[in-house]
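*Asks:* First the structure, which I've put down as structure tokens, then a few questions once you've had a look.
Just so it is clear, none of the values below were taken in a lab; they were calculated from the coordinates. These figures come from a predicted structure and were not determined experimentally. We place every Cβ from the backbone using ideal geometry, glycine too, and count neighbours over all the protein chains shown.
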Amino acid sequence: MATLRLGDVAPDFTAQSSEGEINFHEYLGDGWGVLFSHPADYTPVCTTELGTVAKYKEEFEKRNAKVIALSVDGLESHKGWINDINETQNTTVNFPIIADEDRKVSELYDMIHPNADATLTVRSVYVIGPDKTVKLIITYPASTGRNFDELLRVIDSLQLTAYHKVATPANWQHGEEVVISPAITNEEAETMFTKGFKEVKPYLRLTPQPNLN
Ligand code: BEZ
């Protein structure tokens with residue numbers, strides 16, 4: 001398969017999931033999407049990750065983002081494991097988990113890295129925009145659980161920078177100052193950023209986050 005890169009259209013697929021058959025693009029609708037893979041069912045790190053995502057459902061909904069997980073185990077395995085996640089993580093899994101037994105989706109999204117593990121998926125995350133293109137790719141090894149606060153932070157940045165001519169600096173959090181895109185002249189910035197801006201250097205200009213009152 002060709003390498004999937006930022007800006008590419010996220011490949012569409014139809015697959016079985018813990019919530020029935022899903023067509024990926026239809027499932028995403030007009031909103032944002034997060035597709036993330038797991039090495040395997042009944043594994044400790046994955047159990048904590050899926051419990052965490054279930055607890056963050058409202059946060060994803062606030063950002064108009066739908067989540068969908070994947071592992072290469074089958075539907076029966078997913079169902080039993082979901083019971084364990086609900087019990088041990090004190091939550092209810094409220095999003096679909098794809099049963100990718102034939103590795104069709106894993107291969108489409110390059111989620112198997114053979115030099116790390118020949119058969120299991122690594123911890124991939126794809127954020128898809130409303131235009132169905134890939135906005136973010138993150139890959140973690142099996143032994144490191146993901147930071148879902150970071151994922152929400154990145155979605156905030158992606159959504160802000162998709163609609164305003166700004167970028168977000170290191171460690172930026174929602175509500176903090178942002179940087180003005182270098183392509184914008186100071187004259188344009190004066191009309192575009194009504195809260196004003198600070199010019200630290202000609203290429204480093206800071207302005208309050210534009211989509212807040
Ligand atoms: C886990 O999810 O706990 C895990 C899966 C594969 C390898 C190591 C850890």
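*Asks:* How big is the charge dipole of the chain about its Cα centre, in debye rounded to the nearest 20, if each Lys and Arg gets +1 on its Cβ and each Asp and Glu gets -1 on its Cβ?
*Replies:* Roughly 720 debye for the chain.
*Asks:* Going toward the positive end of the dipole of the stretch 39-176, with +1 on Lys and Arg Cβ and -1 on Asp and Glu Cβ, which of PRO169, LEU70, VAL127 do you reach last?
*Replies:* PRO169
*Asks:* Sticking with this structure for a sec: Lysine pairs in the chain with Cα distance under 23 Å, only those 8 or more apart or on different chains: how many are there?
*Replies:* Within the chain, the lysine pair count is 21.
*Asks:* The stretch 123-147 to the stretch 186-203: how many Å between their Cα centroids?
*Replies:* Here the answer is 33 Å between Cα centres.
*Asks:* Taking only Cα atoms, what is the 0 to 90° angle, nearest 10, from helix 44-55's long axis to the longest principal axis of the chain?
*Replies:* Helix 44-55 sits roughly 60 degrees off the main axis of the chain.
*Asks:* Quick one: the Cα spread of the stretch 56-213 along its three principal axes, in angstroms, biggest first?
*Replies:* Largest to smallest, the principal-axis extents are 60, 35, 28 Å.
*Asks:* List the trypsin sites (Lys or Arg not before Pro) in the stretch 163-213 that DSSP assigns to loop (not H, G, I, E or B) and whose Cβ has at most 10 other Cβ atoms within 10 Å. Which are they?
*Replies:* LYS195
*Asks:* Which net charge results when you count Lys and Arg as +1 and Asp and Glu as -1 among the other residues whose beta-carbon is under 15 Å from that of ASP102?
*Replies:* -3
*Asks:* Ordered by residue, what ³J(HN,Hα) values in Hz, to whole numbers, does the stretch 201-213 give under the Karplus form 6.51 cos²θ - 1.76 cosθ + 1.60, where θ = phi - 60° and Gly and Pro are x?
*Replies:* For the stretch 201-213, the Karplus curve yields 9, x, 9, 10, 10, 10, 9, x, 3, x, 9, 10, 6 Hz.
*Asks:* While we're on this one: Arranged from highest to lowest average of other beta-carbon atoms within 10 Å per residue, in what order do the peptides 87-93, 27-33 appear?
*Replies:* In decreasing order of mean packing, 87-93, 27-33 become 27-33, 87-93.
*Asks:* Could you give the radius of gyration (one decimal) and Dmax (whole number) of the Cα atoms in the stretch 164-207, in Å?
*Replies:* 9.8, 28
*Asks:* Considering only DSSP beta bridges with both partners in the stretch 1-143, what is the antiparallel share in %, to the nearest 5?
*Replies:* DSSP beta bridges in the stretch 1-143 are roughly 65 percent antiparallel.
*Asks:* If you don't mind, another one. Within 12 Å, Cβ to Cβ, of VAL178, how many net charges do the neighbouring residues add up to if Lys/Arg are +1 and Asp/Glu are -1?
*Replies:* +1
*Asks:* Turning to a different aspect of this structure: Taking Cα atoms, how many degrees apart are the long axis of helix 148-163 and the longest axis of the chain, rounded to 10 and kept between 0 and 90?
*Replies:* 50
*Asks:* For the chain, with a Gaussian network of springs between Cα atoms less than 10 Å apart, report the residue from ALA40, ALA167, ALA116 with the top mean-square fluctuation.
*Replies:* ALA116
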